[in-house]
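Below is one structure, written out as structure tokens, with a few remarks after it.
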Amino acid sequence: MSNIRVRFAPSPTGPLHIGGLRTALYNFLWARKNKGVFILRIEDTDQKRYVQGAEDYILEALHWSGLIPDEGPNSGGSFGPYRQSERTGVYQKHIRSLLDNGSAYYAFDTSEELEQMREKRSEQGVVSPKYDWSVRGEMNNSLNMSPEELKAALDSGNPYVIRLKVDPGQTVSFKDIVRDQVQFNTNELDDKVLLKSDGLPTYHFANVVDDHEMKISHVIRGEEWLSSTGHHVLLYQAFGWEKEMPQFAHLPLILKPEGKGKLSKRDGAKFGIPVFPLRWDQAEGEEPYAGFREFGFLPEAMINFLAFLGWNPGGEKEMYAMDELIANFQLSDIGKSGSRFDFDKALWYNQQYILQRESSFLVPYLRRELDSRSIRAPEGKLQKVCELFQERIQTINELWPASYYCFEDIADYDRKPLKKKWKGAILEHYPAFLSAIQSVSEWTATEIEGAVKAFIQSKELGFGQVLPILRLGLTGTMQGPSIFEVAAVIGREEAVRRLKSAPEAFNSVLSNK
């Protein structure tokens, strides 16, 4: 397939939702699959909803995710500008052609007149009244004016909009790569506003003009835009661009974790999960939205997870690096049904990608935690801790909570296993056990393990009586890697100190009910 040009066209009205990032991903994959061009276009014509910093957020999210645009506001290209607010001259030229060929008209209706029309139509039994062929003859627009009246209205300086003239009784159809054949009856379509009273275009008009001007071959976007595509096809026809109309592919919804309804930003707060690629700070006093990056995800894991929210190449394989996604991606493999946002699956992906990496990649993250606490530790110890805990974490953020006791004193002891294990023979033999630990000649995991096993055998105790107490005494928890490896990392002096103070700490915990 040649001359593939696709665009991701977000509006800077807030943070980039994970569903928007999936749209960007599918566009990116299709471009790379076909050696095409991936374009970022900022659709910022809705100035009332414009949010400061949102465009920078979008750019940072794409770059962190590895979805680097070939053309865009910061990438250059031959089809700019790539911000719609900078393309007003383009829109003025094209709106004039629609006015000239009778496909669009001026509408001078005030908000009061529009409300009166809606009330009247509602009283007549019309559900969801709209400005269309059935009412335009009664409204204050250029279709009902003489040339002299129109000139006077334009010269008056009163605000107006420009609307698309949708003729009734027609069928609008197009082939959607995901949805197959889609049809609309024009009786159901309103005379959509194309140019607003502030002189800026609406999404529908600017989107079609820009896609044509930028030679977009495929429009890959969320299914919420499917209902607008009838108007877009009519615009292509009005301009005489039918032969150059892009192919459409409307993507299925990403559903809430429980599988019902569209995933929203509120679901992130409700379930304590990220639904944005990066953290987004809201207004002062409001909680920020969590991001996958700050949650401890690797971008490649998030991308793999997102790719399978709506697309599946078939087979059992689930782990796909970016180059494999590109090689296997087909728009025809995108499903029609919504995909549940399974965060447990996202965690599984992240764990697999963590396991694939050399453990040394975790060292900078661990170092950052230590620096924030003014803790000094040799690089070799950090490397060893990362090796021990790499298999036990699903996110990078779990590394410090899981391994903190290798660097800091125990913050808390797990009471439940203590109550079960701190009794019986181990109480009687604990002094001897401590002596056996102190007598270890070379402080390595192998030597520590040998000394503990020799003690267990000599006292005719069970492993289940001794090892839990060793683990709780050194870490405070029953979770973690080999306790002998942990003891070696903690070091002889600190390990002995903790085990000496353990009985008093244990008894204190058990006495507090």
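The values are calculated or read from the model by the stated rules, or taken from the named source; none is laboratory data. Worth saying up front: this structure is predicted, and the values here are computed from it rather than measured. Reconstructed Cβ throughout: ideal geometry from the backbone, glycine too, with neighbour counts over all protein chains shown. Side chains included, ligands, DNA and RNA excluded: accessible areas come from the protein's heavy atoms. Shrake-Rupley method; radii C 1.70, N 1.55, O 1.52, S 1.80 Å.
Select from Leu253, Gln351, Ser332 the residue farthest towards the positive end of the dipole of the chain; place +1 on Cβ of Lys and Arg, -1 on Cβ of Asp and Glu, and compute about the Cα centre. The one lying farthest along the dipole's positive direction is Gln351. Using a probe radius of 1.4 angstrom, the carbon and sulfur fraction of the accessible surface of region 321-381 is 45%. Qualifying chymotrypsin sites (Phe, Trp or Tyr not before Pro) in region 161-222, where qualification requires a DSSP coil assignment and no more than 11 other C-beta atoms within 10 Å, are lacking entirely. Working from Cα pairs under 8 Å separated by at least six residues, relative contact order for the chain is 11 percent. Rg and Dmax over the alpha-carbon atoms of region 373-416 stand at 11.5, 35 Å. Near Leu355, once Lys and Arg are set to +1 and Asp and Glu to -1 for all other residues with Cβ below 13 Å from its Cβ, the sum equals -2.
Alpha-carbon geometry of the chain: the Rg and the Dmax are 32.2, 111 Å, given in that order. Using just the C-alpha positions of region 139-234 as equal point scatterers, what log10 of I(q)/I(0) does the Debye formula give at each q in 0.11, 0.19, 0.26 1/Å? Debye curve over Cα of region 139-234, log10 I(q)/I(0) at q = 0.11, 0.19, 0.26 Å⁻¹: -0.43, -1.02, -1.42. Once a ≥ b ≥ c are taken as the square roots of the eigenvalues of the Cα gyration tensor of region 1-83, is the result rounded (a/c under 1.5), prolate (a/b larger than b/c) or oblate (a/b not larger than b/c)? Here region 1-83 falls in the prolate category.
When only alpha carbons are used to place a centre, region 300-366 and region 69-84 end up 29 Å from one another. Here region 403-486 exposes an accessible surface that is 49 percent carbon and sulfur, computed with a 1.4 Å probe and the other protein chains kept in place.
With a Förster radius of 22 Å, plug the Cβ-Cβ distance of Gln237 and Asn3 into 1/(1 + (r/R0)^6) and report the FRET value to the nearest 0.05.
0.50
Each other residue within a Cβ distance under 12 Å of Lys336 adds +1 if Lys or Arg and -1 if Asp or Glu, for a net charge of -3.
Taking label positions 7 Å along the Cα-Cβ direction at both Asp412 and Ser458, the computed distance is 3.7 nm, reported to one decimal. Charge dipole (Cα centre; +1 on Lys/Arg Cβ, -1 on Asp/Glu Cβ; no other charges) of the chain amounts to roughly 1500 debye. For Phe343, what accessible surface area do you get with a 1.4 Å probe? Give it in Å², rounded to 10. So the heavy atoms of Phe343 present about 30 Å² to solvent.
Take Tyr160: with every protein chain present and a 1.4 Å probe, its accessible area is about 80 Å². Checked against a 18 Å cut-off, the cross-linked pairs Lys423/Lys459; Lys120/Lys151; Lys130/Lys151; Lys165/Lys196; Lys262/Lys336 give Cα-Cα distances beyond that limit for Lys120/Lys151; Lys130/Lys151. Hey, what did region 200-315 get for relative contact order, percent, Cα under 8 Å, at least 6 apart? Relative contact order of region 200-315: 17 percent. Based on C-alpha pairs under 8 angstrom that are at least 6 apart in sequence, region 114-194 has a relative contact order of 29 percent. For region 284-324, GluC sites (Glu not before Pro) are listed when DSSP marks them as loop and at most 10 other Cβ atoms sit within 10 Å of their Cβ; the list is Glu284, Glu286, Glu316.
Centre-to-centre separation between the Cα atoms of region 413-467 and those of region 148-227: 77 Å. Counting only protein chain heavy atoms and rolling a 1.4 Å probe, the accessible areas of Ser508, Ser217 rank, largest first, as Ser508, Ser217. Here the accessible area is traced with a 1.4 Å probe on the protein chains. For region 204-258, carbon and sulfur cover 49 percent of it.
Solvent-accessible area per residue in region 4-161 equals 47 Å², computed with a 1.4 angstrom probe and all protein chains kept. The residues Met302, Met319, Met478, sorted by heavy-atom accessible surface at 1.4 Å with ligands and nucleic acids left out, run Met478, Met319, Met302 from largest to smallest. Sorted largest first by accessible area at a 1.4 angstrom probe radius, with every protein chain in place, the residues Lys384, Lys243, Lys270 fall in the order Lys243, Lys270, Lys384. An oblate overall shape is assigned to region 85-207, the ratio a/c of its alpha-carbon gyration tensor axes (a ≥ b ≥ c) being 1.5 or greater and a/b not exceeding b/c.
When the Cα gyration tensor is reduced to axis lengths a ≥ b ≥ c, the ratio a/c is 1.5 or higher for region 383-513, and with a/b not above b/c it is classed as oblate.
Hand me the trypsin sites (Lys or Arg not before Pro) from region 1-52 located in a DSSP loop with no more than 11 other Cβ atoms within 10 Å, in residue order please. Taking region 1-52 and a limit of 11 other Cβ atoms within 10 Å, the loop trypsin sites (Lys or Arg not before Pro) found are Lys35. What does the accessible area of Ser359 come to, in Å² to the nearest 10, when a probe of 1.4 Å is used? Solvent-accessible area, nearest 10 Å²: 10 Å².
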